[in-house]
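Notes for the one structure printed next.
The values are calculated or read from the model by the stated rules, or taken from the named source; none is laboratory data. Note that the coordinates shown come from a computational prediction; the quantities given were computed from them, not determined experimentally. Note that each Cβ is placed from the backbone with ideal geometry, even for glycine, and that neighbours are counted across all protein chains shown. These area figures cover heavy atoms from the full protein model, side chains too; ligands, DNA and RNA do not enter into them. Shrake-Rupley method; radii C 1.70, N 1.55, O 1.52, S 1.80 Å.
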Amino acid sequence: MSEAKNNLKNIIEEEIKKPLEKASIVDIVNNIIIYAYQLRASDIHFQPKESCLLVRFRIDGITHNIFEIAKPLQDEVISRLKIISNLRIDEHFAAQDGRFRFYYEDKKFFDVRISIMPTYYGENAILRLLVSPGALFSLDKLGLSSKDLTKIKRAIKKPYGMILATGPTGSGKTTMLYTILNVLNTEGVHIITIEDPIEYAIEGITQTQVNLQTNLTFSKGLRTILRQDPDIIMVGEIRDQETAEISVNAALTGHLLLSTLHTNDAPSAVIRLIELGIEPYLITSTVNIIIGQRLVRKICDKCKQERSLKDVEIQSLIDLLPTRSKAKFLKVSSVFYGKGCEVCNKTGYIGRTGIYETLVINETIKNLILQKVSSDILKQEAIKAGMSTMIEDGIFKVIDGITTIEEVLRVSHE
């Protein structure tokens, strides 16, 4: 950890130990946000406990306990967060959502989304730091294998159809869609999105946010978008039958439509669409590609070390790999890990990359979808057709020294 970060941490620790009448609540809140930004945190949790207000940072997908703010300061800190988010400070028993722009270092800024919820020990506040990934809005920077990158580039060149990103919350689906939109965002096309919420503003794209208070849902927003003469549409998530049906119809009528689904892997997305009432023949006619993904932490380059691969690890992983990859993995005798240093805050990891599987809807897959086969059969046939599974892609990244076996298994829940 750099000296500047250490100094800021010390300043915060001194301030949160002061009695209420001497502490600067404004400085505490501002410095905690700056410190979270310096540590590359995506979220800040202000979590009320019986004896303190616990501050936690989510860094590279993992939450860490950072500070314990004295209990007498708790209400003042939450009130300060409400004030800068334009929320009601006199409301303590209802959930509230807001947003504010945080300025730092001579007019630089980023947006922060806030959610406040009443709990047994007081109000819980979660801040999402919407720091634009910038360079990440490039397909070449997402960690895709050359094979998967080629498939996606081919799919997004089609003038119509559906491109779906699948995975749990926090698996990088939104970043994938924003990156594809960034590639497609040229003067000759009209792109409109309906999102919940808008994560990042992209110049040249018309972005709309879901608003339940005005009854602007995904389905109603999508109906309106189709009357706005779009070429490309992005729907933040397909959650219900109505949104699924309108999305499919949009893809059938000459639009390229991008969206996300919450499924464990790419083949399961087909089954999810069928469960939402979409006829199999419509799925085969509209879906161009399904991208299954997870985010894994990358090994810190400053403390990366080599270690021997244990026989038990080899045997357990061999069972998870398709036959074609087993021989390659058996030749591997060592892998890398991060020992932990000041740069990575003793975690051994810094930054994240994706592991992917890309399901292209070819003729064989189309026939299976029409037969309404299970996702397991779809997956087996996709592997035969050359699809790398997420586990397989992850293990290749382990072999290349990008991440660890533990990370790949953690995010894939195997």
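I'm trying to understand the selection: among the residues of segment 350-374, which are more than 21 Å from THR150 (Cα to Cα), open to solvent by 30 Å² or more (accessible area, probe 1.4 Å) and either of a type in the set (Ser, Thr, Tyr) or in contact with a strand residue (DSSP E or B) (Cβ under 9 Å, 6 or more places away or on another chain) (or both)? Write out each step before concluding.
Applying the first criterion (more than 21 Å from THR150 (Cα to Cα)) to segment 350-374 yields 350-352, 367-374.
If we keep only those that are open to solvent by 30 Å² or more (accessible area, probe 1.4 Å) too, we end up with 350, 352, 367, 370-372, 374.
Those that are more than 21 Å from THR150 (Cα to Cα), open to solvent by 30 Å² or more (accessible area, probe 1.4 Å) and either of a type in the set (Ser, Thr, Tyr) or in contact with a strand residue (DSSP E or B) (Cβ under 9 Å, 6 or more places away or on another chain) (or both): ILE350, ARG352, SER374.
Listed by first and then second residue, the pairs with beta-carbon distance under 7 Å, at least 6 apart or on different chains, first residue in segment 304-326 and open to solvent by 60 Å² or more (accessible area, probe 1.4 Å), second assigned to a strand (DSSP E or B) and hydroxyl-bearing (Ser, Thr, Tyr), are GLN305/TYR337; GLU306/SER334; SER308/SER334. Only one of the numbered conditions (1) open to solvent by 10 Å² or more (accessible area, probe 1.4 Å); (2) under 23 Å from the mean Cα position of the chain (by Cα); (3) aliphatic (A, V, I, L, M); (4) under 20 Å from ALA244 (Cα atoms) is violated by ALA201, and that is (4). Within segment 66-87, residues that are open to solvent by 40 Å² or more (accessible area, probe 1.4 Å) and polar (S, T, N, Q) have Cβ atoms under 6 Å from residues that are at pLDDT 95 or above and in a helix (DSSP H, G or I) in no pair, counting only partners at least 6 apart in sequence or on another chain.
Listed by first and then second residue, the pairs linking a residue in segment 14-26 that is free of Cβ contacts under 8 Å to residues at least 40 places away in the same chain and more than 15 Å from LEU81 (Cβ to Cβ) to a residue that is of a type in the set (Val, Ile, Thr) and surrounded by 14 or more Cβ atoms within 10 Å (Cβ to Cβ), with Cβ atoms under 7 Å apart and 6 or more places separating them unless they lie on different chains, are GLU15/ILE28.
Restricting the search to strands (runs of 3 or more DSSP E) fully inside segment 1-115 and requiring at least 3 residues that are over 27 Å from SER132 (Cα atoms) gives 62-70. Filtered by the rule that a residue be touching a residue at least 12 places away in the same chain (Cβ under 8 Å), surrounded by fewer than 17 Cβ atoms within 10 Å (Cβ to Cβ) and among the β-branched types (Val, Ile, Thr), segment 132-181 gives a lone residue, THR169. Identify the residue in segment 208-257 that is part of a strand (DSSP E or B) and of a type in the set (S, T, N, Q) and, among all such residues, is farthest from VAL183 (Cα to Cα). Per the criteria, the residue is ASN211. Would you confirm whether any residue within segment 245-263 is surrounded by fewer than 16 Cβ atoms within 10 Å (Cβ to Cβ), small (Gly, Ala, Ser) and within 19 Å of the chain's Cα centre (by Cα)? The answer is no; no qualifying residue exists.
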